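Values quoted throughout were computed directly from the atomic coordinates according to the rules given, and no laboratory measurement underlies them. Please read all numbers here as calculations on a predicted model, not as lab measurements. No Cβ is skipped: glycine too gets one built from the backbone with ideal geometry, and neighbour counts run over all protein chains shown.
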Amino acid sequence: MIYRQTMKRNFYTGLLALFCVFLTVGCQDDETICYVNGDFFNQELPLVITEADYNTDNTYYMLNDDESPDVYFDSGQRSFNVSEPLQIEMGDDHDLRLRFYSPRALRNVTVWAKIDGYDEEFRMMDISKVMPFQQLTVRIPFAVKNLTAYTRSGKKIRIMANPYLTRENISFSIESDDPYWKRLQSIRCKWRIAFGRYSDTQPSWRYKMKASHTREAVAIALNMSYMFSSDKFEKALREFGPLHSNGDRKEIDKDALLRNVLNHRGLVFGYTTGVMGLGGGTTFGMHEVCYLEHYADDKSITETIFHEFAHCLGYGHDGNMTYEQTGPGWITLCHNMYVDLSLSKELPVYSRRFMHTRKSRNRYFDDIYVPSQYVIEDPELDALDGGLSPFHDDMSDRGGDDGKPVAFRLDYDDVPLATPATFRPKDVYVYGDTVYVVNDADNNYSVEIFSIASGRKKHIGSIRQWARDEAGTEITETFTGRPNGVTRANGKIYVTHEGSRTEIFNASDHKFFTHVGNGKWGTGAYQTVHAFDVIADKGLVFIRDKRSLVGVEERILEAGKAPVIYTRSPNMGEAGGTYGLAVDRHTGLIYSTHPSRRIDIFIPADLREGISFKHANQLAYKNRPYALDFHEGRMFVSSDGEEKFCEADPETGDIIRDYTIIGDITLRSPEKFCIRRNTLFMVDRTSDGPCVYAIPMGELK
């Protein structure tokens, strides 16, 4: 397919032109060759540009989060026709500038040029991939050498140098075999798209568009204009029921309506607050949620978009073009077609995964990444974001589990200045020769850290308080709620507590890194409901709070920045007590204890972005389970009741063997534990002497 952009021409008699084209380095007068980013270019067109040639000198990405509103609100700098999203122009300094208004890349692009005085177009440039929202500048200096080029008919021609080339004397056309280009080329709408500040005094326009909204506006504009241009929409329009402009039910002429749509002048997108949208003429303002939820794999809600567009077409609130007062109408017709074209991947931007705007911090609201109305699987999208599954095997920390089995008892005598009242172990985790013990003694919350190198116990540090930067001010923090769980993975220590936060520290120096949860009980994008246990596996950190299993991506963790919650299971029922969490490395299944005598099982392989993470099975357990862990495919559970520590069937929950007594150790009040380096590390919370036992697994016969 060919796309042509023609500039106004003023013919100059005998004009001969061309130029040596280059990105960052040009020809010198005494040379016969040019070079592009260090690669020799022998003055024969076309110039070949690959992704490797892009750098900060020649490429800028429009509508990025740091772009000034003065730029994107200036229609002279940021606007486009939906039928010509790839713009090409030559500047006064003989630089060729390409701007691509698209959230998707375009591959295999050929740029043809036509100069006044020459009979045919010649192949000027081959671009392997034009990036989303890319502005590419290719400098064209005054020509000092002649160039060889090839025309459409295959002729080899000589184009002579000329310093008088102007934008009026050159035109460009574009070809691409990318299927995406074919879709863009099918757009028949004549809309001009821009972005508006609108009123500073009218309350509904008080808040202005952010760059993230402008990018989504581009997607909406391309999708709408493609849909209205399609044969499928025209067919659906004719087959749909009557459309009315007012309450008298006089039918709208659908042919005239479609012409009105295609020939509309354009839309100036804006941002509204207090109302979902405002539209009329070219005015097209919407609230943030409308910019996000229109995708089929988001909430799939398009009502405001097509309601306001009907206003732009001149229709009011009577009839069925906006509020559908006389029965299903315009917004139903458009919604159904929009969803169908999205699910069939026909829309230019059919998935929220092209931009993932809900993850952007450049927004007004911090709403969670919502569950998808529909799931769209696609290799192109997988290449962008790694796939719908968030799990990455290469991020699993399998270290720290080697070493010989050890045997010892650890209690308050092993902690400097501690007493039975100030040291009460709650959870334990072992990584190599380091033992992390959560201490939930009243008014003495801490994580006590020990070394067991050379088989000897040695206290090497405590985490009781830490410094955190808040808006440039350093504040001192402590565990604001009773600490419950601890784990270590990929150089980070995670500690849960009932202050609805999970604190994260660097394993190397125990300094504070960041936290999950904002300390306020809730289910928002940055909230947990308390926090009881924590594990890390394949790139996700799972936190069992009082209601749900919550997941956060390890790869997005940043120092000092609380991460957004990636997934949250439904409310599984709140109860008082200890919650445990573990992953069976053999099956990949996640198990979570619940105080109501059950164990919930989750299948991580079923987790998809934006989909609620529901448990796959529940196992009844004889007693109230506290914690659990796995060793070589065997599941062990601590609980109340007579059988305080048992091996249980991971498929049924039935007790296989009771290990309340192990050798000369009788467990009296066991709770949390871990099995590492072929050793059971068990917290026993007896009232007269809480401690941590290390028992070689060989003793659990």
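Values as computed for the structure displayed
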| item | result |
| --- | --- |
| Cα gyration tensor shape for segment 359-496, rounded if a/c is under 1.5, else prolate or oblate | oblate |
| Cα long-axis angle, helix 303-312 against the chain (0 to 90 degrees, to the nearest 10) | 20 degrees |
| Over the chain: helical MRE at 222 nm, DSSP H runs n ≥ 4 each giving -39500 (n - 2.57), nearest 500 | -3500 deg cm²/dmol |
| Ranking of R104, R597, R677 by count of other Cβ atoms within 10 Å, fewest first | R597, R677, R104 |
| Cα-based shape type of segment 381-447, given that a ≥ b ≥ c are square roots of the gyration tensor eigenvalues and the cut on a/c is 1.5 | oblate |
| Ranked T419, T434, criterion: other C-beta atoms within 10 Å, fewest first | T419, T434 |
| Loop GluC sites (Glu not before Pro), segment 580-666, which have at most 14 other Cβ atoms in a 10 Å radius of their Cβ (DSSP) | E632, E642, E651 |
| Cα gyration tensor shape for segment 193-384, rounded if a/c is under 1.5, else prolate or oblate | oblate |
| Angle between the chain longest axis and helix 330-343 axis [Cα atoms, degrees, rounded to 10] | 70 degrees |
| Sequence-separation-based contact order of segment 448-564, relative, with Cα cut under 8 Å and 6+ spacing, percent | 17 percent |
| Pairwise centroid distance, computed over Cα atoms, of segment 399-472 with segment 644-701, Å | 19 Å |
